[in-house]
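Engineer: Structure in structure tokens, see below.
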Amino acid sequence: MKSMLQKITPFLFAAMLLLLAGCENTDEPGRTSEPQLLDMNAINFNINTRATGNYPDCELIQDWSLVIADDKGKIEAVLHRSDFTTTVSAPFEAETVTTQESSVSDYFDKDKEGYNIYEGPKYIYAFANMDVPAEMATKDSYISHAAAMALTLSSGGNINASTIATSGRIPMTNVIEVVLDNSPNQHINIPLIRTFAKVEFTFATLTETPVTVHQLTMNNVTLDGKSNIYMFPHTDSYGFPLFPAGKEEGHPVYDLSPYRLTVTTTQKQTHAIYVNESDIPYSETIGFTLLTQRADKETTEVRYALSVAEGLKRNDFLKIPVTLSDFEFNPRIDFYPPIGGYGQAEVTSDPGEVFFVKVTSGGQIILRPQLYDASTSTVIDDNDALLSIEITGAGSTTDAQVGSLFSEPLYYNTLDGWWTATLNGTPGRALFTLTYVVTKYGGTITLQRKIYVIVE
């Protein structure tokens with residue numbers, strides 16, 4: 001009997017292996033090891049954008065495109081459409097809210113182009129009002145996600161923030177990472193984000209004579225052209241915008257003459273411009289310069305500074321009230337080294353609201369604020385203006401160290417009406433922030449100048 005069992009056992013073992021193998025190969029309903037084709041028109045798949053208040057047509061979607069790529073970078077679909085629905089409402093806000101939405105699912109339902117898109121991880125790149133960059137415009141080609149995110153806005157054509165009001169199409173982009181499958185009730189939403197920021201100025205005046213704004217210059221913002229802006233949104237962990245290496249900043253000029261922006265005490269004027277997103281260092285300011293003209297005088301330049309806590313990001317909407325006046329704030333800086341010291345200080349300005357004073361020894365610095373009413377050529381006295389001066393560290397000099405640069409701290413000379421401090425010659429940097437709050441003519445205007453004192 002034992003011998004018989006020994007002979008049968010190998011056959012029984014082999015039969016059990018065959019039985020198990022047969023069970024593993026049995027197809028179960030709804031289960032497969034192969035990726036399945038997606039039923040794209042069964043997915044609730046939309047792109048959209050919003051506009052608030054009074055807006056020109058250039059802020060809306062004119063047409064849109066979508067690129068779908070798998071996680072290996074193969075482009076599975078490139079879609080182009082110009083249809084969308086527009087809804088206007090103001091349920092909870094005083095300003096009108098316009099929402100535009102288009103169904104990507106309808107595209108697959110109407111255009112039977114036989115896209116073979118399989119289940120799995122996807123990168124979905126969305127565009128509006130611009131060309132799809134050539135690097136990702138061809139179905140079945142490849143582009144890695146890192147390469148796509150490294151593209152700059154110049155890849156989509158010659159698109160400039162400073163001239164967008166005349167060209168009439170603000171580019172929008174976004175990218176999302178999703179896993180698509182054929183499970184029911186999938187909803188994919190892609191909000192399109194405008195690549196520029198909007199800055200709206202409202203001009204008022206306190207003077208009796210009408211003032212016309214002819215030109216506006218933004219100071220130290222990201223320039224148009226080249227490769228200064230990423231095509232898709234890039235931010236750090238704090239939400240600050242990131243930029244390609246070599247980004248250039250400058251002073252774009254906006255010609256406002258065609259808009260006839262004449263301001264009176266009873267008539268304000270509002271005008272919006274578009275600006276590239278810009279990184280504004282914490283506690284620094286966005287500066288702008290206006291070229292204005294009174295009805296009875298030549299044109300004059302007026303400089304302003306505005307604090308912006310988190311930089312100027314794409315799709316931001318910044319509203320700036322500007323009160324035009326004839327006040328001129330041009331501080332004078334004099335340096336008096338001791339006998340046997342070096343020559344006078346080198347004083348420069350860029351572009352006029354920030355001053356740099358470079359010295360190579362100790363000595364006395366005198367600040368003369370010099371605030372004038374240009375309409376009457378008179379000095380604004382203390383009854384109509386309040387001056388404050390803050391001294392902080394700059395560069396590698398901390399706020400705690402800045403006091404060590406002076407043998408005599410800043411004080412006000414009441415007899416002569418100027419401010420005086422004495423440097424001891426210790427190398428370092430100090431930042432003097434002069435702020436005038438002017439209350440003349442019944443309004444309130446804040447003017448600010450920054451003076452960097454650099455001891456080398």
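The values are calculated or read from the model by the stated rules, or taken from the named source; none is laboratory data. Being a predicted model, the structure only gives us computed values, none of them experimental. Quick reminder, even Gly has a Cβ in these numbers, built from the backbone with ideal geometry, and neighbours come from all protein chains shown.
Engineer: So in the range 59-82, with the set limited to residues that are within 28 Å of the chain's Cα centre (by Cα) and surrounded by fewer than 17 Cβ atoms within 10 Å (Cβ to Cβ), which one is farthest from VAL199 (Cα to Cα)?
Structural biologist: Checked the range 59-82; the qualifying residue farthest from VAL199 (Cα to Cα) is HIS80.
Engineer: Between a residue in the range 210-221 that is outside any strand (DSSP E or B) and any residue that is polar (S, T, N, Q), which pairs come within a Cβ distance under 7 Å, given they are 6 or more apart or on different chains?
Structural biologist: Qualifying pairs under 7 Å: PRO210/THR262; PRO210/THR264.
Engineer: Quick check: is even one residue across the range 247-265 assigned to a strand (DSSP E or B), hydroxyl-bearing (Ser, Thr, Tyr), farther than 22 Å from PRO321 by Cα and in contact (Cβ under 8 Å) with a residue 40 or more places away in the chain?
Structural biologist: No - not one qualifying residue is present in the range 247-265.
Engineer: Kindly list the number of the only condition in (1) exposed (fewer than 13 other Cβ atoms within 10 Å of the Cβ); (2) at pLDDT 85 or above that fails for ASN276.
Structural biologist: Status for ASN276: all satisfied but (1).
Engineer: Let me ask something additional. Go through the range 222-241 residue by residue and tally those that are part of a loop (DSSP other than H, G, I, E, B) and within 18 Å of PRO171 (Cβ to Cβ).
Structural biologist: 11
Engineer: I want to confirm something. Restricting to the range 299-345 and keeping residues that are buried (at least 17 other Cβ atoms within 10 Å of the Cβ) and among the small types (Gly, Ala, Ser), which single residue is modelled with the lowest pLDDT?
Structural biologist: The qualifying residue modelled with the lowest pLDDT is ALA345.
Engineer: Taking the condition of being outside any loop (DSSP other than H, G, I, E, B), within 24 Å of THR414 (Cα to Cα), modelled with pLDDT of 75 or more and touching a helix residue (DSSP H, G or I) at 6+ places or on another chain (Cβ under 8 Å), how many residues in the range 346-400 meet it?
Structural biologist: Total satisfying the criteria: 3.
Engineer: Check VAL132 against each of (1) among the hydrophobic types (A, V, I, L, M, F, W, C); (2) at pLDDT below 90; (3) surrounded by fewer than 22 Cβ atoms within 10 Å (Cβ to Cβ); (4) not assigned by TED's automatic domain parsing to the domain that holds LEU291 and name the one condition it does not meet.
Structural biologist: Of (1) among the hydrophobic types (A, V, I, L, M, F, W, C); (2) at pLDDT below 90; (3) surrounded by fewer than 22 Cβ atoms within 10 Å (Cβ to Cβ); (4) not assigned by TED's automatic domain parsing to the domain that holds LEU291, only one is false for VAL132: (2).
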